């Protein structure tokens, strides 16, 4: 996911320090500092697919500061993610929080916490559907081997196929039910 935003700022005093404070409060690391340019990073790991808070995923935020304007580019690694509408909502809320913080110094942390909570609940639901698909695939594998008395390794593909089918169906169903 790549998102670029432009923010017009009224009060440019200590703008760079305020931006740094905002991102460090969300555990981003400041990795590059130049004149009127900041880059923050959330390191990616192999466990990103299991992290229930999308803000903890591997991501990079580049911020260009000028007189009274900020241009920020958010790059989020969603390749290993389910990339659901709830997870997108967390990032939208985070970006809106950043805009509000830069303009007024206030944040809506409760709104962000609520979006993260919804994302965690939906992720658990998706894992439940994946588990159900795994059980269904295992049951079909067992029935197939008992009926045919054939223990072909080809039938082992039923388990990941059913897992993927149920998980894909559930994500697609949720997206059509609750579009962003």
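Every read-out reported here was derived from the displayed coordinates using simple, explicitly stated rules and does not represent laboratory data. These numbers were taken from a predicted model, which means no experiment stands behind them. Methodologically, a virtual Cβ is constructed for each residue, glycine included, from the backbone with ideal geometry; neighbour enumeration extends over all protein chains shown.
Per-structure values
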item	result
Convex hull of Cα atoms in the chain, direction-averaged projection (nm²)	12.0 nm²
Residues residue 106 and residue 131, FRET efficiency given R0 of 45 Å [Cβ-Cβ distance, rounded to 0.05]	0.65
Extended-chain gain in nm, criterion 0.36 nm per residue less alpha-carbon gap, residue 66 and residue 8	19.9 nm
DSSP bridge orientation in the chain - percent antiparallel, rounded to nearest 5	100 percent
FRET efficiency, residue 24 to residue 176 (Cβ-Cβ, R0 35 Å, nearest 0.05)	0.35
Folded to 0 to 90 degrees: helix 109-148 orientation relative to the chain principal axis, Cα	20 degrees
Cβ-derived FRET efficiency at R0 25 Å, residue 1 paired with residue 32, nearest 0.05	0.75
